[in-house]
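These notes concern the structure reproduced below.
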Amino acid sequence: MPTLDDILEQIGEFDRFQKQTFFVLCLLSAAFTPVYVGVVFFGFIPEHHCFSPGVVELSQQCGWSPEEQLNRAVPEWGSYGPSFSSRCQRYEGDWNTTGVSCTDPLGSLVGNQSTVPLGPCQDGWVYDSPGTSLVTEFNLVCEDSWKLDLFQSCVNAGFFIGSMSIGYVADRFGRKLCLLVTVLINAVSGVLMAFAPTYTWTVIFRLIQGLVSKAGWLTGYVLIAEFVGSNYRRAVGITYQLAFTVGLLVLTALAYALPHWRWLQLAVTLPSFFFLLYYWCLPESPRWLIAQKQNDKAMDVIKRIARGNKKKLPLSFQNLSFENEDGEKPAPSFLDLVRTPQIRKHTFILMYSWFTSSVVYQGLIMHMGIASGNMYLDFLYSALVEFPAAFILILTLDRIGCRYPWAVANMMTGSACLVTALVPDSLYWLKMTAACLGRMGITMCYEIICLVNPELYPTFLRNLGVLVCSSMCDLGGIITPFLVYRLVELWHELPLVVFAVIALIDGGLVLLLPEMKGKTLPETIEDAENLHR
């Protein structure tokens, strides 16, 4: 009996209809960027110091610039910027005392500067920032600085929970319904976040966005992968992720133009309402309909694809019955991910690979500041390095498959991390070259696992398999900041050694997975079990 891939060869594997569908889903991929990394701009931490009314009055009398006010009126600067004291405490001297010197205010208050008492910031903080962020609006500094960590942790926690729950919904009730529901909830919660009156409500709406946004992004990825033929799945998958990289560039430009976080939040959220037009633009996945024994609806979608591609469906396929519609419809189950030996092996390896990709990808960004001091340039460089990684994969995967490039990318990442850790700072060019190669390698790993993960599961289990395995990516995102900042206290390069070890292990594990080059997507558990043969 012919498969859907056989039919697509007749009506177009990636023709006009699939290209239109792919384009509108790429817009969804680009729009996911602000939820995933937007905290870089929403939660930007500017230089700040305690506000002191007396110091302000004195600075006006003395004609101090803001920098002079900071240097003269707060505790001494540390070797790495303002110390904790200068950010969170202030001198308790009487700045309105007659005779306070403009050139040496502390010396005129007390002969010995070290005896000037320090006190808490009772009147708030002064921020050196042209715009606003969560930090400046809700004063998320000093004893409340942990609240910014909580804000980002809630997003990753939402990703983790949503991966488990919404993956089941997409496999049980359909890709299209799941996509529309997640788009609506994400858009509404994003707008509400822009108008949230308190920090607590901001965190709540951010958590809701996390619950649905990543699941919607992955559902869109699975949907387009099920519309195209096997010869185009990988190129489509890489380009879908490249749209996310384009979203990084757009987000950087918007953040530069809109330095106020509420306006930025509205600007990146309001376009999401246009994705509700998917109700009329996108059909349901024909592979999912076939797996659910809804053969008549599947044939309607196939005919719609043929009309969109201006192709005629062969007569031998027009009345095709894929399976017995009276048969039992397979329902996705978490146990299906570990019940059979091959799928169980795939699940555990993919979970580790997702975890590794997340920890190393985010960890390298945290550890290596490119053009430090300018967050817009940092973000821009981080985005640009992903383009050559995508082009390399487009040129190689269709020729030699995914497994060996995936292993090589992991090995390159691990080796580059070791070189970066062991090369002395005096060889700066070599250290930076290795760091960039490591970032490129882990970007390739990220893109390959997004391609391979859906290919190793049968249709009725595919969305659940992708979302459950990728939930380890969210777990990695939660622990990475603690991993980096705690290990760096022991040795500055120790996180890079850890990244190298887990990446090299992953490079060996991925060789145990089957190669999917030229193979059709598995439709049943039996198909998935036989992929290694």
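The values are calculated or read from the model by the stated rules, or taken from the named source; none is laboratory data. Keep in mind the model is a prediction, meaning the values are calculated, not measured. Glycine gets a Cβ as well: all are built from the backbone with ideal geometry, and neighbour counts include every protein chain shown. For the accessible areas, the whole protein counts, side chains as well, though only heavy atoms, and no ligand, DNA or RNA atoms are used. Shrake-Rupley method; radii C 1.70, N 1.55, O 1.52, S 1.80 Å.
Here are some notes:
- Cleavage-rule hits, trypsin sites (Lys or Arg not before Pro), the range 469-528, DSSP coil, Cβ neighbours within 10 Å at most 16: Lys517, Lys519
- Accessible area per residue, Å², the range 422-478 with all protein chains present, probe 1.4 Å: 27
- In order through the range 462-478: 3J(HN,Hα) via Karplus (6.51 cos²θ - 1.76 cosθ + 1.60), integer Hz, x for Gly, Pro: 5, 5, 5, x, 5, 6, 5, 5, 6, 5, 5, 4, 6, 4, x, x, 6
- Between amide H atoms placed 1.01 Å from N, distances below 5 Å from Trp125 occur with Phe51, all of them 5 or more places distant or on a separate chain.
- Surface accessible to a 1.4 Å probe, per residue, for the residues of the range 141-278, Å²: 36
- Each label was represented as a point 7 Å from its Cα along the Cα-to-Cβ direction; for Leu427 and Val497 these points are 1.8 nm apart.
- Förster radius 51 Å - calculated FRET efficiency between Phe348 and Leu384, Cβ distance, rounded to 0.05: 0.90
- Solvent-accessible area, 1.4 Å probe, carbon plus sulfur percent, for the range 385-508: 79
- Here the spin labels are modelled as points 7 Å beyond Cα on the Cα-Cβ line, and at Thr524 and Met164 they lie 3.1 nm apart.
- Prolate/oblate/rounded call for the range 336-532, Cα gyration tensor, a/c under 1.5 rounded: prolate
- Computed log₁₀ I(q)/I(0) - Debye formula, equal Cα scatterers, no solvent, the range 162-300, q 0.11 Å⁻¹: -0.48
- Loop-located chymotrypsin sites (Phe, Trp or Tyr not before Pro) across the range 148-256 with a Cβ neighbour count of 13 or fewer within 10 Å are Phe195, with loop assigned by DSSP.
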